[in-house]
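S.K.: I am attaching a structure below and will ask some questions about it afterwards.
The values are calculated or read from the model by the stated rules, or taken from the named source; none is laboratory data. Worth saying up front: this structure is predicted, and the values here are computed from it rather than measured. Cβ atoms come from the backbone with ideal geometry, glycine included; neighbour counts cover every protein chain shown. When the accessible area is computed, the model is the full protein with side chains, heavy atoms only, and any ligands, DNA or RNA have been set aside. Shrake-Rupley method; radii C 1.70, N 1.55, O 1.52, S 1.80 Å.
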Amino acid sequence: MKLITHNFLTSNIIKGVKNGYPLGILPAKVEVKDVEFNPAFITRMLPKVDWVALQKAAKECGYGEGLPDAIKDELMEDTDFLKKVHNALMEVEVIEGKLVCPESGREFPINNGVPNMLLNEDEV
């Protein structure tokens, strides 16, 4: 599971959960896979990404170093910054582990890079 995917996942459909975002990550196996750098894509995606959730996820996976606390306009043209964001969003991949709902503590397994977000009947 790439962190770009994680940034858009929520567990708010669980009974009694209002927000369910951002999901925590308990990584068991993380890999960094080369993905071609596309600065235009990163620049277009950044406004859609929850920056605080991305920082948290990258730190939980051990790859949050170098990400600033906030995105300033001048950073959008800084190639080094865009490469760091690209690395976090596109190259860091959780292969095995768990996602954790911040409200209920419900854990969702990640196997072979795929999060299983299926709920039991009594959770809906």
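S.K.: For region 25-102, state which GluC sites (Glu not before Pro) are in a DSSP loop and have at most 16 other beta carbons lying within 10 Å of their beta carbon.
M.R.: Within region 25-102, the qualifying GluC sites (Glu not before Pro) (loop, at most 16 other Cβ atoms within 10 Å) are Glu36, Glu65.
S.K.: Given a 1.4 angstrom probe, what's the average accessible area per residue across region 9-66, in square angstrom?
M.R.: Dividing the accessible area of region 9-66 by its residue count gives 60 Å².
S.K.: Please identify every one of the trypsin sites (Lys or Arg not before Pro) in region 64-113 that sits in a loop by DSSP and has no more than 15 other beta carbons within 10 Å of its own beta carbon.
M.R.: Lys72
S.K.: Can you compute the helix-only [θ] at 222 nm over the chain? Use -39500 (n - 2.57) per DSSP H run of at least 4 residues, normalise by all residues, nearest 500 deg cm²/dmol.
M.R.: -6000 deg cm²/dmol
S.K.: Moving to a separate point now. Where the only charges are on Cβ atoms (+1 Lys, Arg; -1 Asp, Glu), what is the dipole of the chain about its Cα centre, to the nearest 20 debye?
M.R.: Dipole about the Cα centre, nearest 20: 240 debye.
S.K.: Considering the dipole of the chain built from charges on the beta carbon (Lys and Arg +1, Asp and Glu -1) around the Cα centre, which of Val52, Asn116, Leu3 is farthest to its positive end?
M.R.: Asn116
S.K.: If the reach is capped at under 14 angstrom between alpha carbons, list the aspartates and glutamates near Lys83, excluding any in the same chain fewer than eight residues apart.
M.R.: Hits, sequence-local ones excluded: Asp34, Glu36, Glu65, Glu91.
S.K.: Also, quick follow-up: Using a 1.4 Å probe over the heavy atoms of the protein chains, calculate the carbon and sulfur portion of the accessible area of the chain as a whole percent.
M.R.: In the chain, the share of accessible area belonging to carbon and sulfur is 51 percent.
S.K.: Still on this structure, I have one more. Going down the list Lys15/Lys59; Lys2/Lys48; Lys72/Lys98; Lys18/Lys84; Lys15/Lys98, which pairs span over 26 Å between their C-alpha atoms?
M.R.: Violating the 26 Å Cα-Cα cut-off are Lys15/Lys59; Lys72/Lys98; Lys18/Lys84.
S.K.: Just check the chain against the gyration tensor rule for me: Cα atoms, a ≥ b ≥ c as the square roots of the eigenvalues, rounded for a/c under 1.5, and otherwise prolate or oblate depending on whether a/b exceeds b/c.
M.R.: Prolate shape, in that a/c is at least 1.5 and a/b is the bigger ratio.
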